Amino acid sequence: MLARRAIVAAGTAAAAMAATRASAQAAGAQASGAQAPGGTGAPARAGASGAQPGGDASPRPRAGDALLVVDVQNDFMPGGALAVPRGDEVVPVINRLAQAFRLAVLTQDWHVPGHSSFASSHADRKPFDVLKLAYGNQVLWPDHCVQGTEGAALHRDLSVPHAQLVIRKGYNRDVDSYSAFIEADRRTRTGLDAWLKAKGVRRVFCCGLATDFCVAWTALDARRLGFEAIVVEDACRAIDLDGSLARAWDAMARAGVGRVRAAAIA
Ligand code: VGL
Ligand code: ZN
């Protein structure tokens, strides 16, 4: 069932192929060994770890807040190409939550065919192997979220009609991007940081799929870039293999990422 591999440097684990129950992926470690949530490599320090800078700690949405809805896409749903267990359960929670936010951003994992994060793009490799690419270790996934496909589409019941921005990421063939802010090369920006700052956003609430990959990387980068960040835990679902979820939460706690339940917000 689980393909488990020792990974150098970053707590890479395995993702749950729900459909096939085949296996899995790593612990929120991203491609580069540099800073995985809970990775064993030397994590880059988040910009301001520890206390939330400024502001009160209330999770009630206020001016300067935005909701980031990460990768609520068909391929991450049960039966999808890279299924997250119970991933569909986040949809009604997010729909309700989103109504409490004036600013909302959606993200989509948005890979070109033949993307370097796909096992199928490499000879003699299979999903959940780890391969060293130019920027570091990359977990190899089943093909997923290919641009324009049904698998890359947002879940049909996701309802955030007032979302002002959709950030698509992972479209550079040779660079993956779990984070909605910075690609796996740890240099290329998606533009989300500047957009949020132009809108006066100081605090982001993160939800979606998967807690221990794209949500965690997004929240950690938000901290690195100077935002307060809070993950809405019951509006996320995880891959959670080999303790990857616990490691992700640990990394987020150390970086000053808050954690709340949706009921505390709306
Ligand atoms: C994700 C693995 C590969 C995610 C995206 O959205 O968490 N995980 N691509
Ligand atoms: Zn992907």
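Some points to look at:
- Scope the range 230-245; condition assigned to a loop (DSSP other than H, G, I, E, B) and aliphatic (A, V, I, L, M); matching residues: A238, I239, L241
- Flag for W217 being more than 20 Å from D109 (Cβ to Cβ) and under 13 Å from the mean Cα position of the chain (by Cα): no
- The range 64-85 - residue that is farther than 20 Å from F205 by Cβ and more than 14 Å from ligand 1 (Cβ to nearest atom) and, of those, surrounded by the most Cβ atoms within 10 Å (Cβ to Cβ): P78
- Tabulated pairs, the range 89-100, first within 18 Å of T211 (Cβ to Cβ), second of a type outside the set (D, E, K, R) and in a helix (DSSP H, G or I), C-beta under 6 angstrom, 6+ apart or interchain: V93/A262; L97/A262
- Residue count for the range 164-181, restricted to those that are more than 18 Å from the chain's Cα centre (by Cα) and either within 14 Å of ligand 1 (Cβ to nearest atom) or under 14 Å from T107 (Cβ atoms) (or both): 1
- Within the range 219-245, the set of residues being modelled with pLDDT of 95 or more, surrounded by fewer than 24 Cβ atoms within 10 Å (Cβ to Cβ) and aliphatic (A, V, I, L, M) comprises just one member, L225.
- Tally, over the range 245-255, of residues that are out of contact with any Pro (no Cβ under 8 Å at 6 or more places or on another chain) and among the small types (G, A, S): 3
- Failed item, numbered, when R189 is tested on (1) closer than 18 Å to A248 by Cα; (2) surrounded by fewer than 24 Cβ atoms within 10 Å (Cβ to Cβ): (1)
- Inside the range 134-157, residues that are crowded, with 18+ Cβ neighbours inside 10 Å, away from ligand 1 (no atom under 14 Å from the Cβ) and not aromatic (F, W, Y) make up a count of 1.
- Among the residues making up the range 97-120, those that are within 12 Å of ligand 2 (Cβ to nearest atom) and buried (at least 20 other Cβ atoms within 10 Å of the Cβ) are T107, Q108, D109, W110, H111, H115, S116, S117, F118.
- Filter result for the condition that a residue is away from ligand 2 (no atom under 16 Å from the Cβ), more than 15 Å from the chain's Cα centre (by Cα), modelled with pLDDT of 95 or more and part of a loop (DSSP other than H, G, I, E, B), over A57, A123, A66: A123
The values are calculated or read from the model by the stated rules, or taken from the named source; none is laboratory data. Given the structure is predicted, the values throughout are model-derived calculations rather than measurements. A quick note on method: Cβ atoms are made from the backbone with ideal geometry, for glycine too, and the neighbour counts reach across all protein chains shown.
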